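The values are calculated or read from the model by the stated rules, or taken from the named source; none is laboratory data. This structure is a prediction, so every number in the text was calculated from the model and none was measured. Methodologically, a virtual Cβ is constructed for each residue, glycine included, from the backbone with ideal geometry; neighbour enumeration extends over all protein chains shown.
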Amino acid sequence: MGECLLSGVPVLPDQLPVPVDSRRVSGILLHITSLPSSYGIGDLGPAAYGFADFLTRTDQRLWQVLPLGPTGFGASPYSSTSTFAGSPLLISPDPLVEYGLLTQDDLAPLRELPDDHVDYERVSPRKLEVLRTAFQRFEADRSAVSDADLGQFRNDHADWLDDYALYAALKEAHDGAPWTEWDAPLVHREPDALAQARETHAEAIRMHVFWQYLFHRQWTALRSYCHARGIRLFGDLPIYVARDSADVWAHQDLFKLDDNGEPTVVAGVPPDYFSPEGQRWGNPIYRWDKMKNNDYEWWKRRMQHTLDRVDLVRLDHFRGFDAYWEIPAEAETAVNGEWAEGPGAHFFSELSDDLGELPVIAEDLGIITDSVEDLRDEFGFPGMAVMQFAFEDDPTNPFLPHNYTRNLVAYSGTHDNNTTMGWWDDDLSSESARAYAHEYLDLDAPDRAVHEQMLRYLMASVADRIVLPLQDLLGLGGEARMNTPGEPSGNWDWRVTSEQLTEEAEDFLATLTLTYGRAETRTGDGE
């Protein structure tokens, strides 16, 4: 048994004798930032291992997280400055203290931060300053990390790391300005300008490489720990990348941009019953024709990199691979967009040919056409069902548990939904829908809580995979909601406290998992 440098825990060999797709399983949705910690934000430290132990004790086999990249506008993990990099904010300081790169005094500013939510305006500068101190100590005394190991990491990830580290260094040097506002030679990536920038910002580049190394080692150690306990990590891959990102800056030819790097069209969704102006996301649109001519090389690297981190991938906005809503960049709303043909089956065939069978879950929520369903089913991708969407006084609603199929991932709600108790208290406004839900969930009996009944019905369904937001297991109200789509602030900051993870909640989850056949069957030797 070896020890993963700077992880603080042993590295165990992967022990996954039973593929996750061969049995009924359940799991929890909890992003890393929502974990308890003493440092203002959840990280890859002791609480992550403690949560993996919680999953083990309750026989959960899936741990779903949100995208792991450095967050951009609004702290959204879906608006990252890199689809390949890991967020430095997720690095645990504890191992860095152990290896002499930080002191307890260095961490004092982080301990002043709240423990029940993430105050990004305060935690981001403080955490990055702490990590900067760790890097400076590493530069002064390199004994904490093997130069060969660090060099190997840089070589193995050079295809994205070199561009990302330079982008991050330049963004700092330009006080956070988007890359389209840099000097023209840098915007257009002229070789001489890039060479000069790498020389001028060499120290900052080394720092960002070092931070990525720390993230990589800590994440790898956590994944190994989970695998040794039969837990699969379930990740999230947004279809689009952020406009101000290393991805767009480094690969401008793959996006619909003008000569100054600005998008000519942007992504979103059309108007519907819930949003009369539609949703204008603002992400640049791919040049799928260019990508096809290059055998989708960038996407293959993106998918492989994701699969090197997680075991299952929720492919966000799956319908965009069939057809996507393209909005003129100058439009203020999504009303005047139009449908454009996506890459379709050829895209997934190309990826499968190179990467093998894709462990993809299709996020197929919203208004889905027959052609989207055909694309999903052609490759056998499980879809999603959200029980909060089920109650319309219609027993044929596909999100009702009695209508589920096996090849499905079923949720009480997702990160974009209110919590189940928040939904019941604040969002279920239709009296007929409330009456139907009351009857369906059998709430007349005493001591039957809405969230517990919903979880019970999900667990009892035929769906092979059930994922529960931790907030719903704990019966938390709307104050624990993770994200409200369309709201620019107040999102992504919920955290669970150690006191909320009660024995009662643990026992309830373990009992449901065993009762409805989602617990692992163990042999006498413990395997």
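Can you spot a residue in segment 431-445 that is more than 23 Å from residue 363 (Cβ to Cβ) and touching a strand residue (DSSP E or B) at 6+ places or on another chain (Cβ under 7 Å)? Reasoning before the result, please.
Initial filter on segment 431-445 (more than 23 Å from residue 363 (Cβ to Cβ)): 431-445.
Right, trim to touching a strand residue (DSSP E or B) at 6+ places or on another chain (Cβ under 7 Å) and you get none.
No: segment 431-445 contains no residue that is more than 23 Å from residue 363 (Cβ to Cβ) and touching a strand residue (DSSP E or B) at 6+ places or on another chain (Cβ under 7 Å).
Identify the residue in segment 428-459 that is of a type in the set (A, V, I, L, M, F, W, C) and under 27 Å from the mean Cα position of the chain (by Cα) and, among all such residues, is nearest to residue 505 (Cα to Cα). Spell out how you get there, then give the answer.
Here is the first cut: in segment 428-459, the residues of a type in the set (A, V, I, L, M, F, W, C) are 428, 433, 435, 437, 441, 443, 445, 449-450, 454-455, 458-459.
Cutting the leftovers down to under 27 Å from the mean Cα position of the chain (by Cα) gives us 454-455, 458-459.
Details: 454: 14, 455: 12, 458: 16, 459: 15 Å.
The qualifying residue nearest to residue 505 (Cα to Cα) is 455.
Take segment 86-111 and flag every residue that is outside any helix (DSSP H, G or I) and either without any contact (Cβ under 8 Å) to a residue 12 or more places away in the chain or closer than 20 Å to residue 48 by Cα (or both). Give the derivation first.
If we filter segment 86-111 for residues that are outside any helix (DSSP H, G or I), which is where we start, we get 86-87, 91-93, 99-104.
Result: 86, 87, 91, 92, 93, 99, 103, 104.
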Provide a single number: the residues in segment 398-425 that are in a loop (DSSP other than H, G, I, E, B) and touching a Lys or Arg at 6+ places or on another chain (Cβ under 7 Å).
-> 2
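Which one of these is of a type in the set (D, E, K, R) and either touching a Lys or Arg at 6+ places or on another chain (Cβ under 8 Å) or modelled with pLDDT of 95 or more (or both): 277, 297? Walk me through it before giving the result.
Values: 277 fails: either touching a Lys or Arg at 6+ places or on another chain (Cβ under 8 Å) or modelled with pLDDT of 95 or more (or both).
From the options 277, 297, the qualifying one is 297.
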Can you find a residue in segment 426-441 that is closer than 28 Å to residue 519 by Cβ and in a loop (DSSP other than H, G, I, E, B)?
-> yes
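It is to be established whether one or more residues within segment 163-170 are outside any loop (DSSP other than H, G, I, E, B) and within 28 Å of residue 494 (Cα to Cα).
If we filter segment 163-170 for residues that are outside any loop (DSSP other than H, G, I, E, B), which is where we start, we get 163-170.
From what's left, within 28 Å of residue 494 (Cα to Cα): 168.
Checking segment 163-170: at least one residue is outside any loop (DSSP other than H, G, I, E, B) and within 28 Å of residue 494 (Cα to Cα).
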Quick one: would you say residue 223 is touching a residue at least 24 places away in the same chain (Cβ under 8 Å), more than 18 Å from residue 82 (Cβ to Cβ), more than 17 Å from the chain's Cα centre (by Cα) and not in a loop (DSSP other than H, G, I, E, B)?
-> no
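Would you check if residue 340 is in a strand (DSSP E or B) and either among the hydroxyl-bearing types (Ser, Thr, Tyr) or over 26 Å from residue 390 (Cβ atoms) (or both)?
Working: in a strand (DSSP E or B): yes; either among the hydroxyl-bearing types (Ser, Thr, Tyr) or over 26 Å from residue 390 (Cβ atoms) (or both): yes.
Yes: the conditions hold for residue 340.
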Scan segment 231-243 and give yes if some residue there is surrounded by 19 or more Cβ atoms within 10 Å (Cβ to Cβ) and over 21 Å from the mean Cα position of the chain (by Cα), otherwise no.
-> no
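Collect the residues in segment 269-313 that are touching a residue at least 60 places away in the same chain (Cβ under 8 Å), over 18 Å from residue 84 (Cα atoms) and not in a strand (DSSP E or B), keeping them in residue-number order.
First, pick out the residues of segment 269-313 that are touching a residue at least 60 places away in the same chain (Cβ under 8 Å): 269-272, 275, 279, 301-303, 305-306, 309-313.
Keeping just the survivors that are over 18 Å from residue 84 (Cα atoms) gives 269-272, 275, 279.
Answer for segment 269-313, where residues must be touching a residue at least 60 places away in the same chain (Cβ under 8 Å), over 18 Å from residue 84 (Cα atoms) and not in a strand (DSSP E or B): 270, 271, 272, 275.
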Log entry, pairs with first residue in segment 445-457 being free of Cβ contacts under 8 Å to residues at least 40 places away in the same chain, second being of a type outside the set (A, V, I, L, M, F, W, C) and in a helix (DSSP H, G or I), beta carbons closer than 7 Å, six or more apart or on different chains, reads 450/420; 451/420; 451/472
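Name the residue that is nearest to the chain's Cα centre (by Cα), counting only residues in segment 171-188 that are outside any helix (DSSP H, G or I) and either of a type in the set (A, V, I, L, M, F, W, C) or crowded, with 17+ Cβ neighbours inside 10 Å (or both). Show your work before the answer.
Of segment 171-188, the ones outside any helix (DSSP H, G or I) are 174-178, 182-183, 188.
From what is left, the residues that are either of a type in the set (A, V, I, L, M, F, W, C) or crowded, with 17+ Cβ neighbours inside 10 Å (or both) are 177-178, 182.
Working: 177: 25, 178: 23, 182: 29 Å.
Looking at the filtered set, the residue picked out is 178.
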Any idea how many residues of segment 460-498 are under 21 Å from the mean Cα position of the chain (by Cα), buried (at least 19 other Cβ atoms within 10 Å of the Cβ) and among the charged types (D, E, K, R)?
-> 5
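Does segment 351-358 contain any residue that is under 27 Å from residue 24 (Cβ atoms) and in contact with a helix residue (DSSP H, G or I) (Cβ under 7 Å, 6 or more places away or on another chain)?
First pass over segment 351-358, keeping only residues under 27 Å from residue 24 (Cβ atoms): 352, 355-358.
Then drop every residue that is not in contact with a helix residue (DSSP H, G or I) (Cβ under 7 Å, 6 or more places away or on another chain), which leaves 355, 358.
Checked against the condition, which is being under 27 Å from residue 24 (Cβ atoms) and in contact with a helix residue (DSSP H, G or I) (Cβ under 7 Å, 6 or more places away or on another chain), segment 351-358 yields at least one hit.
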Is one or more of the residues making up segment 352-365 among the polar types (S, T, N, Q), at pLDDT 95 or above, more than 22 Å from residue 232 (Cα to Cα) and part of a helix (DSSP H, G or I)?
-> no
Give the residues of segment 1-56 that are within 29 Å of residue 144 (Cα to Cα), hydrophobic (A, V, I, L, M, F, W, C), outside any loop (DSSP other than H, G, I, E, B) and modelled with pLDDT of 95 or more, sorted by residue number.
-> 32, 47, 48, 51, 52
Answer residue from segment 241-260, given it is of a type outside the set (D, E, K, R) and touching a Gly at 6+ places or on another chain (Cβ under 7 Å) and is farthest from residue 168 (Cα to Cα) among those = 252
Kindly indicate which of 198, 229, 142, 217 is touching a residue at least 12 places away in the same chain (Cβ under 8 Å), among the basic types (Lys, Arg) and more than 22 Å from residue 313 (Cα to Cα).
-> 198
Residues of segment 266-303 satisfying the condition of being buried (at least 20 other Cβ atoms within 10 Å of the Cβ) and farther than 25 Å from residue 314 by Cβ | none
Can you tell me which residue in segment 65-85 is surrounded by the most Cβ atoms within 10 Å (Cβ to Cβ), limited to those that are in contact with a Pro (Cβ under 9 Å, 6 or more places away or on another chain) and not in a loop (DSSP other than H, G, I, E, B)?
-> 80
